[in-house]
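Engineer: I'd like to ask some things about the structure below.
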Amino acid sequence: MKKSAAIIVLIIFFGSFGLIVGFRDIQAQGNIITIRTDGSIDPESSPIIAGDPVGGRIPYTFTSDISNLELRIEMDYVSIDGAGYSLTSTTDLEVGVMLQDREGVRITNLRIEGYQYGIILQDCGTCRIDYSTITGNTICGIEFRGISSWCHIIENMILGNLGDGIGLRDQTRNTQINSNRIEENLGAGIDISDSSNDNTVHNNNFIDNNLQVGAYNGQFNRWNGDYSGDGGGNYWSDYSSRGYPLNDIASGMDQTESGSDGVWDHTYDVYPNDDIRDYYPLVEPWVRGKILTWISLTIKGVSGTILKAYHDEPVTFSGRITPPVAGVKVTIVFHSSVYLEFSKTTNSRGEYTLTHTFAMDAKYEVLAKWDGNDEYEGATSQIDYFEVVPKDSGAFLKCIIATATYGSELSPEVQFLREFRDDTVLSTFAGSNFMEAFNAFYYSWSPSVAPTISENIGLKDGMKVVLYPLMGILHLSSTSFSVFSIIPEMSIVIAGFVASSLIAVVYVVPWIFLLRFFKKFKVPIKSFFCIGIGWIISIVFITVAEVVKSSPIMTVSTGAFVLLTMALTTLSTVTWLPTIINEIYQIIKPHLVSMWLFSRRIANPFSKPL
């Protein structure tokens, strides 16, 4: 091998640091669902479906919750119906929904939570956001940028954001913001900056925001509607603390007529320094009909992406009503061959909890609902599915060796292995079928070996050393799965490749090197060729099995893929690694010698040169 090959290896090695630096940007590009200009959804597997045009708009509807992804809309005149589902980020992604240079887009009935910006509208016109919940976003719930105009923000709950609720930046014009609940935002309820003018803000509830209105540079915005036509001004929770007279004894457009009208007789100074006022501040919070609510449902005590529970083991169903509604009954409904229904009362935070055990095999769909009351609209949660199986079912095969090594099924290591198996591998068609073959092998010997490990402290410590690299390998494999998780079937193959390759390097290659130390041998080139062809064929058959949904083909082809990956990695490492190391050593050897001589001279400057 030429020295140039070793130089290339060095370049790749140090260049990998550049890849690490750019990794977050690469990952971010893969975390996007896009509605393209031709109406297609990319990727096609996204839980959003398109319908026939209605009222000049193409409707797109969520079919499940979406997490840690950005929704980017590149088409005009579309309607995005969240159908009560959520778009959430647990990793502080930059934006939930991105609209740039768009016209006529509507976003409705969607909960957006946990992003830096819930929704960004950049240079948009005639867009509408309504009946949605925007909460828990770190910088701004809804932000307008550039030159945006003639948009509507109507009947949303914009609450509990860690920054501003609504931000009108740059030149946002002629936008209607009305009938929203703007509450408990840690920044400003609404922030208007730069040259944003001719906007109308009325019939909103500004309640307990850190600042009701933030920095204000727009001089020509209205903070109330017409007195009789569209309900007057806004409700301000800090009105009574401003020192205004708490009188509602006058009425009329100029509040000069006698009689109460639900409007404070004194105006509210929105931004006192610039004489910006709400001329018709409301005495009571504004309500059109009933306040919208949202109810969540989570399940604990189940395992896997396809949720499964033990017989006679407790399963906990919990959630909350948002905004919190205390002391009301939530009904948890189970549909199967039998119908079950339980009622629980919410606590002061609007939370409910039900713990139940199931005694028979069944597949259930479960949802939570409440009927609402005079003030609040009722709501129904998303539907979840789970299956009840016996304890000895294959769905609950234990991590026997790891449990014997770490002493408990509840140890963090065993929990991680179980979660990796259930939430990563078994969440895919390819992974589930691979586990059929793996389980047949693993459980053929592990039950007889585990007691020996469990009873011997020395073996336990030794096994911990053996399993330590495996934990790191599976963590890396799990990370690779997450990076490409938008296409789960492809990501599980990538994760399998990462795990198989590293397992071969750590657990197989050292033994081959040891064998070569006692008996020299070379690997024929034909072996690489044959194994490589077999590896390619296994990928082809995995693809075929995915298309036709054939479990037998998938079981065989995934097993072959793992074994052939390990074989290729082992042969490649054993064949080329020593040569590469030697070439690198020959390149750096003169420099090492020079460094050694230099260090000698520094240590003893009066010695004669060698």
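Here, each number is a calculation from the coordinates, and none is a lab measurement. Fair warning: this is a prediction, and the values are worked out from it, not measured in the lab. Cβ: placed from backbone, ideal geometry, glycine included. Neighbour counts: every protein chain shown.
Engineer: Given a Förster distance of 25 Å, report the FRET efficiency between T345 and I383 from their Cβ-Cβ distance, rounded to the nearest 0.05. Can you show the working numbers first?
Structural biologist: Values: r = 23 Å, r/R0 = 0.90.
Computed FRET efficiency for T345 and I383 comes out at 0.65.
Engineer: In addition: If the viscosity is 1.567 mPa s and the temperature 4 °C, what translational diffusion coefficient in µm²/s does Stokes-Einstein give for region 127-227 when Rh comes from Kirkwood over Cα pairs?
Structural biologist: Numbers: Rh = 12.9 Å.
Once the numbers are plugged in, D ends up at 100 µm²/s.
Engineer: When the chain is fully extended, how far beyond the present Cα-Cα distance does T91 get from R128, taking 0.36 nm per residue of separation?
Structural biologist: 10.6 nm
Engineer: At D312 and S411, where each label point lies 7 Å from the Cα along Cα→Cβ, what is the point-to-point distance in nanometres?
Structural biologist: 2.8
Engineer: For region 294-389, build the convex hull from the C-alpha positions and give me its volume per residue in Å³. Provide the component values of the computation, followed by the final result.
Structural biologist: Numbers: hull volume 8.2 nm³, N = 96.
Per-residue hull volume (Cα only) is 86 Å³.
Engineer: A further question follows. Which helices pass in the chain if a helix is a full DSSP H run, must span at least 18 angstrom along its long axis by Cα, and must have mean Kyte-Doolittle hydropathy not below -1.0?
Structural biologist: 3-29, 429-442, 457-483, 488-503, 525-548, 551-603
Engineer: Let me ask something additional. Fewest Cβ neighbours within 10 Å first, please rank W286, W576, W370 accordingly.
Structural biologist: Ascending number of Cβ neighbours within 10 Å: W576, W286, W370.
Engineer: Using a 7 Å offset from the Cα along the Cα-to-Cβ direction at both T579 and V540, what is the distance between the two label points in nm, to one decimal?
Structural biologist: A separation of 2.8 nm, rounded to one decimal place.
Engineer: Counting pairs of alpha carbon atoms under 8 Å apart in space and at least six apart in sequence, what relative contact order in percent does the chain give?
Structural biologist: 7
Engineer: Can you figure out the FRET efficiency of S45 with V466, using R₀ = 30 Å and their beta-carbon distance, to the nearest 0.05?
Structural biologist: Numbers: r = 38 Å, r/R0 = 1.27.
Efficiency computed from Cβ-Cβ geometry: 0.20.
Engineer: Taking amide H positions as placed in the peptide plane 1.01 Å from N, state which residues far from L71 in sequence (5 or more) or on other chains have amide H under 5 Å from it.
Structural biologist: Sorted by chain and number, the residues that satisfy this are I33, V97, M98.
Engineer: Taking the number of other C-beta atoms within 10 Å as the exposure measure, put K519, K460 in order starting with the fewest. Don't jump to the answer; show the numbers that get you there.
Structural biologist: On the way: K519 6, K460 15.
By the 10 Å Cβ count, ascending: K519, K460.
Engineer: For the chain, with equal point scatterers placed on the C-alpha atoms only and solvent neglected, what are the log10 I(q)/I(0) values from the Debye formula at q = 0.09, 0.10, 0.11 1/Å, to two decimals?
Structural biologist: Debye output, listed in q order: -0.91, -1.03, -1.15.
Engineer: Same structure, new question: Once you keep just the Cα pairs under 8 angstrom separated by 6 or more residues, what percentage relative contact order results for region 397-590?
Structural biologist: Relative contact order comes out at 24 percent.
Engineer: By count of other Cβ within 10 Å, fewest leading, how are W150, W535 ordered?
Structural biologist: Exposure proxy ranking, most exposed first: W150, W535.
Engineer: To the nearest 20 debye, what charge dipole does region 294-389 have about its Cα centre, counting +1 at the Cβ of each Lys and Arg and -1 at the Cβ of each Asp and Glu? Could you put the intermediate results ahead of the total?
Structural biologist: On the way: 8 positive and 12 negative charges, 44 e Å.
So the magnitude is around 200 debye.
Engineer: How far apart, in nm, are the 7 Å Cα→Cβ label points at M360 and I249?
Structural biologist: Inter-label distance under the simple model: 7.1 nm.
Engineer: Let me see the pair-distance distribution of region 31-222: every alpha carbon pair, 10 Å bin width, integer percents in order.
Structural biologist: 11, 40, 37, 12, 1
Engineer: Sticking with this one: May I ask which of K363/K460; K363/K464; K526/K549; K526/K589; K300/K344; K308/K369 have a Cα-Cα span longer than 28 Å here?
Structural biologist: K363/K460; K363/K464; K526/K549; K526/K589
Engineer: Compute the FRET efficiency between T298 and I494 as 1/(1 + (r/R0)^6), taking r as their Cβ-Cβ distance and R0 = 35 Å, and round to the nearest 0.05.
Structural biologist: Working: r = 29 Å, r/R0 = 0.83.
It comes out at approximately 0.75.
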